[in-house]
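The values are calculated or read from the model by the stated rules, or taken from the named source; none is laboratory data. Predicted, not measured: the structure shown is a model, and the values here were computed from it. Neighbour counts are summed over all protein chains in view; Cβ atoms, including those assigned to glycine, are modelled from backbone coordinates with ideal geometry.
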Amino acid sequence: MLKDLKVVFMGTPEFSLNILNALIINTKVIGVVCQPDKLVGRKKELASPPIKTLALQNNIPVFQPLKIKKDYQDILNLKPDIIITCAYGQILPKEILDYPKYGCINVHASLLPSLRGGSPIQRAIINGDKETGITIMHMDLGMDTGDIISLAKIPIEDSDTYQTLHDKLSKLGEDLLIETLPSIITGTAKSVKQDEALATYGYNITRADELLDFNLEITKIYNKIRGLSPKPGSYLMLDSKIVKIYEAEKVYDLSYQDHQNGEIVKVDKGIFIKAKDGLIKIKTLQMEGKKKVDAVSFLNGYSKNLIGEVVNRSLYER
């Protein structure tokens with residue numbers, strides 16, 4: 001049934017790779033649409049989205065419109081039976097949504113209507129959610145507002161980072177899509193409208209979101225660190241330099257309650273920073289302009305005693 005299904009796939013980041021690969025194996029992918037190549041890194045080298053690389057490896061035509069609302073005719077010319085998107089990054093115009101006979105279907109990394117938007121995985125961890133999942137949904141003109149076709153749930157472990165949860169959800173999305181597609185093709189899929197009263201949003205992460213605030217509870221700080229690890233990475237300021245934090249630990253120690261929030265109160269196989277209700281032990285970090293290292297290596301190479309230093313001090317003094 002699926003082998004003759006003509007699919008145009010739209011996606012951009014690494015998260016979409018499992019889904020595209022599954023479609024290549026199980027269907028007839030006739031085109032891939034992704035965001036334009038971007039300049040990345042200090043050397044500003046032009047890099048292709050991961051999805052483009054996989055498509056070209058399989059001799060699939062790739063389209064990279066800057067604004068799909070204005071540049072979509074090449075996609076319609078392929079005459080797809082269905083369009084499937086996953087983390088594409090642009091809202092589709094009505095002309096595309098109305099074209100395929102089986103519609104436009106989206107694979108979204110949350111349990112809709114919770115966490116609509118571009119950063120549902122990061123936000124689920126940062127929010128301290130206990131579970132998340134994948135939603136297969138019909139697309140409409142809104143942002144992740146279409147009718148739900150199927151859902152699959154997984155727990156969020158306290159040890160999960162953005163990367164580990166990303167990988168779990170990508171595989172879950174692949175499995176759920178292939179399981180759901182036959183019912184879409186046969187017309188037996190049952191869909192339900194989203195409850196707008198329950199809608200929440202996982203907006204894209206901003207630079208301000210990445211800053212750690214040690215006036216908060218240690219659980220909130222810890223959740224932000226793991227929710228943004230390894231990328232884009234949370235950060236603090238030390239000696240007016242950005243320090244990215246990739247791995248940390250909550251320490252329920254109230255013996256430093258008289259110290260200032262953000263103060264480095266101890267170094268012992270880690271850097272212990274006072275927060276509202278305990279300590280955050282920094283385990284893996286990266287000083288601006290340096291390599292990512294564990295805290296022990298960082299301390300061995302740092303020239304001054306950090307005890308008593310207050311992180312983010314330069315921000316407070318502005």
* Might you check whether a residue that is at pLDDT 95 or above, outside any helix (DSSP H, G or I) and loosely packed, with under 15 Cβ neighbours inside 10 Å occurs anywhere in region 7-14? => no
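Say we look at region 150-174 and pick out the residues that are among the polar types (S, T, N, Q) and within 13 Å of residue 110 (Cα to Cα); which of these is farthest from the chain's Cα centre (by Cα)? Spell out the reasoning first.
Step one: filter region 150-174 for residues among the polar types (S, T, N, Q), giving 150, 159, 161, 163-164, 170.
Remaining after also requiring within 13 Å of residue 110 (Cα to Cα): 150, 170.
Values: 150: 21, 170: 11 Å.
Checking each candidate, the answer is 150.
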* Asked: Only one of 86, 104 is crowded, with 18+ Cβ neighbours inside 10 Å and within 25 Å of residue 206 (Cβ to Cβ); which?
  -> 86
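Could you tell me whether residue 266 is over 21 Å from residue 115 (Cβ atoms) and of a type in the set (Lys, Arg)? Before you say what the answer is, go through the steps one by one.
On the way: over 21 Å from residue 115 (Cβ atoms): yes; of a type in the set (Lys, Arg): yes.
Judged against the criteria, residue 266 is a match.
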* Asked: Taking interchain pairs and intrachain pairs at least six residues apart, which have beta carbon atoms under 6 angstrom, with the first residue in region 134-145 and in the same structural domain as residue 124 (by TED's automatic domain parsing) and the second basic (Lys, Arg) and in a strand (DSSP E or B)?
  -> 143/116; 144/116
* Structure fact -> Over region 237-282, the set of residues within 23 Å of the chain's Cα centre (by Cα), more than 14 Å from residue 218 (Cβ to Cβ) and not aromatic (Phe, Trp, Tyr) is 242, 243, 244, 247
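Does residue 121 satisfy being outside any strand (DSSP E or B), within 16 Å of residue 228 (Cα to Cα) and either touching a Cys at 6+ places or on another chain (Cβ under 7 Å) or β-branched (Val, Ile, Thr) (or both)? Lay out the reasoning, then the answer.
Values: outside any strand (DSSP E or B): yes; within 16 Å of residue 228 (Cα to Cα): yes; either touching a Cys at 6+ places or on another chain (Cβ under 7 Å) or β-branched (Val, Ile, Thr) (or both): yes.
Yes, satisfied.
Yes or no, residue by residue, for (1) at pLDDT below 95; (2) touching a Lys or Arg at 6+ places or on another chain (Cβ under 7 Å); (3) crowded, with 16+ Cβ neighbours inside 10 Å; (4) assigned to a loop (DSSP other than H, G, I, E, B):
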site: 30; (1), (2), (3), (4): no, yes, yes, no
site: 39; (1), (2), (3), (4): yes, no, no, no
site: 43; (1), (2), (3), (4): yes, no, no, yes
site: 51; (1), (2), (3), (4): no, no, yes, no
site: 56; (1), (2), (3), (4): no, no, no, no
site: 59; (1), (2), (3), (4): no, no, no, yes
site: 67; (1), (2), (3), (4): no, no, no, yes
* What is the one condition in (1) at pLDDT 95 or above; (2) out of contact with any Ser or Thr (no Cβ under 9 Å at 6 or more places or on another chain); (3) surrounded by fewer than 18 Cβ atoms within 10 Å (Cβ to Cβ) that residue 187 does not satisfy? -> (1)
* To do: Restricting attention to region 82-97, report how many residues are outside any helix (DSSP H, G or I) and farther than 23 Å from residue 134 by Cα.
  => 1
* Asked: Can you find a residue in region 28-39 that is farther than 18 Å from residue 93 by Cβ, assigned by TED's automatic domain parsing to the domain that holds residue 175 and small (Gly, Ala, Ser)?
  -> no
* Asked: Pairs under 7 Å by beta carbon, first residue within 10 Å of residue 234 (Cα to Cα) in region 197-211, partner among the small types (Gly, Ala, Ser) and at pLDDT 95 or above, six or more apart or different chains?
  -> 210/233; 210/234
* Structure fact -> Scanning region 116-132 residue by residue, those surrounded by 18 or more Cβ atoms within 10 Å (Cβ to Cβ), small (Gly, Ala, Ser) and within 13 Å of residue 161 (Cα to Cα) turn out to be 124
